[in-house]
1. Does residue 95 count as free of Cβ contacts under 8 Å to residues at least 24 places away in the same chain and farther than 24 Å from residue 43 by Cα?
2. Restricting the first residue to the range 268-283 and requiring it to be among the β-branched types (Val, Ile, Thr), which pairs with a second residue that is assigned to a helix (DSSP H, G or I) meet a Cβ separation below 6 Å and a spacing of at least six or different chains?
3. Restricting the search to the range 126-147, which residues are crowded, with 21+ Cβ neighbours inside 10 Å and either over 25 Å from the mean Cα position of the chain (by Cα) or more than 15 Å from the ligand (Cβ to nearest atom) (or both)?
4. What single numbered condition from (1) more than 16 Å from the ligand (Cβ to nearest atom); (2) surrounded by 13 or more Cβ atoms within 10 Å (Cβ to Cβ); (3) at pLDDT below 95; (4) not β-branched (Val, Ile, Thr) fails to hold for residue 273?
5. Quick check on residue 15: is it under 16 Å from the mean Cα position of the chain (by Cα), crowded, with 19+ Cβ neighbours inside 10 Å, closer than 19 Å to residue 289 by Cα and away from the ligand (no atom under 14 Å from the Cβ)?
6. Only one of (1) within 13 Å of the ligand (Cβ to nearest atom); (2) under 25 Å from residue 78 (Cα atoms) fails for residue 107. Which number is that?
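The values are calculated or read from the model by the stated rules, or taken from the named source; none is laboratory data. Treat the numbers as computed from the prediction; the structure is a model and nothing was measured. Counting neighbours? That spans all protein chains shown, and the Cβs are built from the backbone with ideal geometry, glycine included.
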Amino acid sequence: MIITVSENAGFCFGVRRATEAVEELIKNKHHDEIICTLGKLIHNEQYSEYLEKNGVYAITSDEIERLYSLAKSGKRVTLVTRTHGIEKKTKEALEAYARECDSFKVVDSTCPYVAKIHKIAKENSSKEKIFFVIGQREHPEVLSIKSYIEANGYICADSLELENQLKSIKCDEKEAIMVAQTTQKLTEWKKCQEIIKKYCTNAKIFDTICSVTEKRQTEAEILSQSSDAMLVIGGKDSSNTAKLYQICKGHTSKAFWIQTSADIPFDEIAGAEKIGITAGASTPDNIIQEVKKTMSIIEENFAELFEQSEKETQKNIQRSNCQGYRNVYFGKRNMS
Ligand code: SF4
């Protein structure tokens with residue numbers, strides 16, 4: 001069995017940056033300090049449990065006010081925002097709170113790739129333009145981008161939705177701008193580019209899929225083409241893991257989305273000689289290593305079992321040959 005782990009599997013630069021910032025805060029945590037993240041820092045259950053064990057809890061936007069009251073009453077409070085970015089009005093409110101109260105600290109972990117899209121949206125959206133975002137409507141990153149669009153913003157999940165939208169808009173009267181969610185599927189994004197050019201001759205396209213996502217998707221495509229089975233590791237809420245899974249599924253019927261080594265579908269991958277492993281941007285390295293280790297142990301045991309079974313088979317063949325000779329020379333009678 002050959003096990004290949006994709007080179008760019010696991011934590012990306014943005015997630016690593018955010019998790020290192022929180023880990024640094026945990027290390028230097030003051031005994032009465034409250035550390036929270038605005039939403040789950042990353043889409044990974046095991047990592048969320050790890051943070052909770054270390055006293056870092058995820059809160060919702062509705063709980064910010066209460067946190068701020070605690071800071072005003074003298075408690076040290078640190079709120080960490082996540083890589084997906086936050087909506088403009090929330091960001092402004094947090095900045096104001098941090099300015100007004102020394103005990104209220106904000107650590108902004110918005111990935112620079114996402115911050116770049118916020119800037120594009122701010123600078124390129126107006127009543128005279130139409131702004132398209134290709135991404136998942138309810139995804140926190142898309143919601144944060146949407147909050148920076150000044151006017152005429154449209155969120156389209158895929159090329160089909162984009163085309164339907166374009167059919168109902170007189171595009172050439174306004175300049176069309178298009179960006180993608182950083183983890184958008186490359187093939188879908190390419191289709192969107194062709195479609196917008198067909199309807200809007202003056203379209204301005206910003207290629208905003210992050211380079212890590214691009215590399216990871218390309219690797220997943222190549223690896224799944226040459227593997228008998230693919231294990232895609234990542235949280236069930238992780239949008240970029242979902243896209244990796246879709247890509248792998250397009251090349252092998254044996255693609256499995258797992259969260260940890262406990263989910264490895266042994267029966268389904270039995271007999272596969274080449275197994276590929278990839279993982280979403282929010283999958284910690286220890287989980288990837290655990291999956292790889294489990295597969296390697298199985299491989300070793302499999303070799304041992306195979307050897308044993310071969311020996312057994314040989315013995316059975318010899319026995320049956322002996323029985324055959326006996327039958328030939330002595331006839332079919334009880335030889336015992
Ligand atoms: S996937 Fe890309 S955009 Fe998203 S956090 Fe990682 S590096 Fe940033």
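1. yes
2. As it stands, the answer is 278/220; 278/244, since those pairs meet every condition given.
3. Across the range 126-147, the qualifying residues are 130, 131, 132.
4. Looking at each condition in turn, residue 273 falls short on (2).
5. In short, no.
6. (1)
Residues are listed down the side, and each one gets a yes or a no for (1) touching a strand residue (DSSP E or B) at 6+ places or on another chain (Cβ under 6 Å); (2) closer than 30 Å to residue 19 by Cα; (3) in a helix (DSSP H, G or I); (4) not β-branched (Val, Ile, Thr):
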site: 262; (1), (2), (3), (4): no, yes, yes, yes
site: 267; (1), (2), (3), (4): no, no, yes, yes
site: 272; (1), (2), (3), (4): yes, no, no, yes
site: 276; (1), (2), (3), (4): yes, yes, no, yes
site: 295; (1), (2), (3), (4): yes, yes, yes, yes
site: 298; (1), (2), (3), (4): no, no, yes, no
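Yes/no matrix, rows are residues, columns are (1) of a type in the set (Asp, Glu); (2) outside the structural domain of residue 133 (by TED's automatic domain parsing); (3) away from the ligand (no atom under 16 Å from the Cβ); (4) under 20 Å from residue 43 (Cα atoms):
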{"position": "232", "(1), (2), (3), (4)": "no, yes, no, yes"}
{"position": "241", "(1), (2), (3), (4)": "no, yes, no, yes"}
{"position": "244", "(1), (2), (3), (4)": "no, yes, no, yes"}
{"position": "251", "(1), (2), (3), (4)": "no, yes, yes, no"}
{"position": "261", "(1), (2), (3), (4)": "no, yes, yes, yes"}
{"position": "265", "(1), (2), (3), (4)": "no, yes, yes, no"}
